[in-house]
Amino acid sequence: MANTYSQIFVQFVFAVKGRERQIPEDMRERLEKYMTGIVQKNQQKLLAIYANPDHVHVFVGFNNLNITIPNLIRDIKAGSSKMINDERWFDEKFNWQEGYGAFSYSRSQIDRVVKYILNQKHHHKKKSFREEYLEFLQKFEIDYKEEYIFEFYDDND
């Protein structure tokens, strides 16, 4: 787009269907690299990514505004679940849970968000995904209905 300029930074959070801890540590980097390729193929800049066993954080700088957030997330989730199923990581079919969180940040917050995402392994020793996600919704003042957020089967996890 001629004469169209943007600077938009968005962190996405989405979960494994059923919040099962299905992403094995020894395959985490493989999944992250695959998702990075999908983001780049969509002409966006990946700033940080971390695949926890039951959810993923992806931080993107939007370069191409012709790509919508729902389409980018659809491509990341569909492409990565296809890769996992094609490579037969599991006996059962792998799926991502419906929905996602999308949280925007200013340029001055990039370093802090990148560090937060890359520190997920240590962060979740102190705080569950449920606690983390609900804090995001509250911090960003997002109205939500409990029945429409991710399925949380174990509140102590």
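Can you tell me which residue in the stretch 1-20 is surrounded by the fewest Cβ atoms within 10 Å (Cβ to Cβ), limited to those that are of a type outside the set (Phe, Trp, Tyr) and under 15 Å from the mean Cα position of the chain (by Cα)?
It comes out as Lys17.
Checking the structure you have, find out if any residue of the stretch 64-81 is open to solvent by 50 Å² or more (accessible area, probe 1.4 Å), farther than 24 Å from Leu137 by Cα and in contact (Cβ under 8 Å) with a residue 60 or more places away in the chain.
Within the stretch 64-81 (the criterion being open to solvent by 50 Å² or more (accessible area, probe 1.4 Å), farther than 24 Å from Leu137 by Cα and in contact (Cβ under 8 Å) with a residue 60 or more places away in the chain), the answer is yes, since at least one residue qualifies.
Considering only residues of the stretch 87-115 that are in contact (Cβ under 8 Å) with a residue 24 or more places away in the chain and part of a helix (DSSP H, G or I), which is most open to solvent (accessible area, probe 1.4 Å)?
Looking at residues that are in contact (Cβ under 8 Å) with a residue 24 or more places away in the chain and part of a helix (DSSP H, G or I), I get Arg107.
Considering Arg88, Arg130, which residue is under 24 Å from Arg21 (Cα atoms) and modelled with pLDDT under 85?
Arg130
Condition test on Lys41, is it open to solvent by 20 Å² or more (accessible area, probe 1.4 Å), in contact with a Gly (Cβ under 7 Å, 6 or more places away or on another chain) and without any contact (Cβ under 8 Å) to a residue 60 or more places away in the chain? Even if it seems obvious, please write down each step before you answer.
On the way: open to solvent by 20 Å² or more (accessible area, probe 1.4 Å): yes; in contact with a Gly (Cβ under 7 Å, 6 or more places away or on another chain): no; without any contact (Cβ under 8 Å) to a residue 60 or more places away in the chain: yes.
In short, no.
Against the condition within 13 Å of Val10 (Cβ to Cβ) and not acidic (Asp, Glu), how does Ile23 come out, does it pass?
In short, no.
Over 20 Å from Lys17 (Cβ atoms), free of Cβ contacts under 8 Å to residues at least 12 places away in the same chain, open to solvent by 60 Å² or more (accessible area, probe 1.4 Å) and of a type in the set (D, E, K, R): is that true of Lys139 in this structure? Walk me through it before giving the result.
Values: over 20 Å from Lys17 (Cβ atoms): yes; free of Cβ contacts under 8 Å to residues at least 12 places away in the same chain: yes; open to solvent by 60 Å² or more (accessible area, probe 1.4 Å): yes; of a type in the set (D, E, K, R): yes.
So Lys139 passes the test.
The values are calculated or read from the model by the stated rules, or taken from the named source; none is laboratory data. All values reported here derive from a predicted model rather than from experimental measurement. Heads up, the Cβs are rebuilt from the backbone with ideal geometry, glycines too, and the neighbour counts pull from every protein chain shown. Ligands, DNA and RNA are stripped out before the accessible areas are found, and what is left, the full protein with its side chains, is counted by its heavy atoms. Shrake-Rupley method; radii C 1.70, N 1.55, O 1.52, S 1.80 Å.
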